[in-house]
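The values are calculated or read from the model by the stated rules, or taken from the named source; none is laboratory data. What you are looking at is a predicted structure, and each value in this text was computed from that prediction instead of being measured. Ideal geometry is used to build each Cβ from the backbone, glycine not excepted, and the neighbour counts take in all protein chains shown. Calculation scope for accessible area: heavy atoms of the full protein, side chains included, ligands and nucleic acids excluded. Shrake-Rupley method; radii C 1.70, N 1.55, O 1.52, S 1.80 Å.
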Amino acid sequence: MSQSLQVDPAKLAASKVAIALVQDGMRLGLGTGSTASIMVRELAARVQAEGLSLRCAATSKATADLAVELGLRVETLDQIGWLDMTIDGADEVDPDLHLIKGGGAAHLREKVVAAASDRMVVIADPGKVVETLGAFPLPVEVLAFGFETTRTLIRRALDHLDLGGRDILQRLKGSDPLITDEGNYILDLHMQDIPDPAALARALSSIPGVVEHGLFLGMCDLAIIGRSDGSVVELARDADIDADMLAHEGE
Ligand code: 5RP
């Protein structure tokens, strides 16, 4: 692989194992973030070396731009229709393979693409593996219209779930509101921990101004966790996560 920049060995290891799952003729969803961008580079290198014929749908403008630049065939999700597999990163992965995503503000498209895939494969480094979701602030994409009202409704929903007092902060880019690829705002919910992800997901989804939250429950089929020594651990749902994985290898 011809990457001149220093590449995180754990993310690279996970990417390589995920790319080995790709077969000629596949329709692939391409995730967003630093791990996904390493995966896209690995994928492009394999396509070039082996002459694979793939159709790719990207989960963000940034990923689409990178994939096109590297020579991958990128089409819209609707042009492709359905995907065999999506490979994406994550901000947190729990033992049930429930995820927090959206650290890159792309979880709306990421969820749409994952939902249109036979298989969602997550690639991550050990720092993403947790026992309980919530240390990473939960991203919620909201309409710009009435977003303070939406924040109030989210606060009330959290109170109702006995999760009151959490900070709900608008994500900024510099000093301006961050605008997603779909033209919306992001509110980051500093939950600390999420004892019942399904209840929180239901509550957030019932608020009209919420476009999509970053809880991915029951969507991930396989998590490939790379380690800095180049080895990987593959987690299937309900797998025991050993203590070493949670030690984050000193990261
Ligand atoms: C983007 C995402 C990313 O997959 C997530 O933030 C992980 O990113 P990285 O690989 O850079 O840690 O959900 O919305």
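Ratio of Rg to Rh for the chain, alpha carbon only, Kirkwood? Please list the in-between numbers first.
Details: Rg = 17.9 Å, Rh = 18.5 Å.
Value, to two decimals: 0.97.
Each residue, GLN6 and THR76, gets one label point 7 Å from its Cα in the Cβ direction; the gap between the two is 4.2 nm.
Note down the net charge around LYS16, summing +1 for each Lys or Arg and -1 for each Asp or Glu among other residues with Cβ under 12 Å from its Cβ.
Details: positive: LYS11, ARG41, ARG46; negative: GLU42.
Value of the local net charge: +2.
Dividing the mean sequence gap of close Cα pairs (under 8 Å, 6+ apart) by how many residues the stretch 1-67 holds gives a relative contact order of 38 percent.
The solvent-accessible area of LYS111, taken with every protein chain present and a 1.4 Å probe, is close to 30 Å².
Under the rule of -39500 (n - 2.57) per DSSP H run of 4 or more residues, summed and divided by the residues of the chain, what mean residue ellipticity at 222 nm is obtained, to the nearest 500 deg cm²/dmol?
Values: 8 runs with 77 residues, N = 251.
So the calculated ellipticity at 222 nm is -9000 deg cm²/dmol.
Where both residues lie in the chain, what percent of DSSP beta bridges are antiparallel, nearest 5? Intermediate results must be reported in sequence, preceding the final value.
Numbers: 22 of 39 bridges.
Bridges in the chain that DSSP calls antiparallel: roughly 55 percent.
Counting heavy atoms of the protein chains only and a 1.4 Å probe, report the per residue accessible area for the chain as a whole number of Å².
Values: 11310 Å² over 251 residues.
Using a 1.4 Å probe on heavy atoms only, each residue of the chain averages 45 Å².
Extension gain, SER53 to ARG202: 0.36 nm times the residue separation minus the Cα-Cα distance gives 49.7 nm. Please build a GNM for the chain, connecting alpha carbons under 10 Å apart, and tell me which residue among PRO208, PRO95, PRO139 fluctuates the most. Between PRO208, PRO95, PRO139, it is PRO208 that shows the largest mean-square fluctuation.
Is the C-alpha gyration tensor of the stretch 138-208 telling us rounded, prolate or oblate? Criteria: a/c under 1.5 is rounded; beyond that, a/b larger than b/c is prolate, otherwise oblate. Each step should come with its number before you reach the end.
On the way: a/c = 1.94, a/b = 1.65, b/c = 1.17.
Because a/c hits 1.5 or more and a/b exceeds b/c, the stretch 138-208 counts as prolate.
In a fully extended conformation the segment linking ALA115 and VAL68 would gain 14.6 nm over its present Cα-Cα distance, using 0.36 nm per residue.
Take the Cα of ALA236, go 7 Å toward its beta carbon, and none of the backbone nitrogen atoms of the stretch 18-33 fall under 15 Å from that spot.
Keeping the other protein chains in place, figure out the carbon and sulfur percent of the accessible area of the chain, with a 1.4 Å probe.
Details: 5520 of 11310 Å².
Of the solvent-accessible surface of the chain, carbon and sulfur hold 49 percent.
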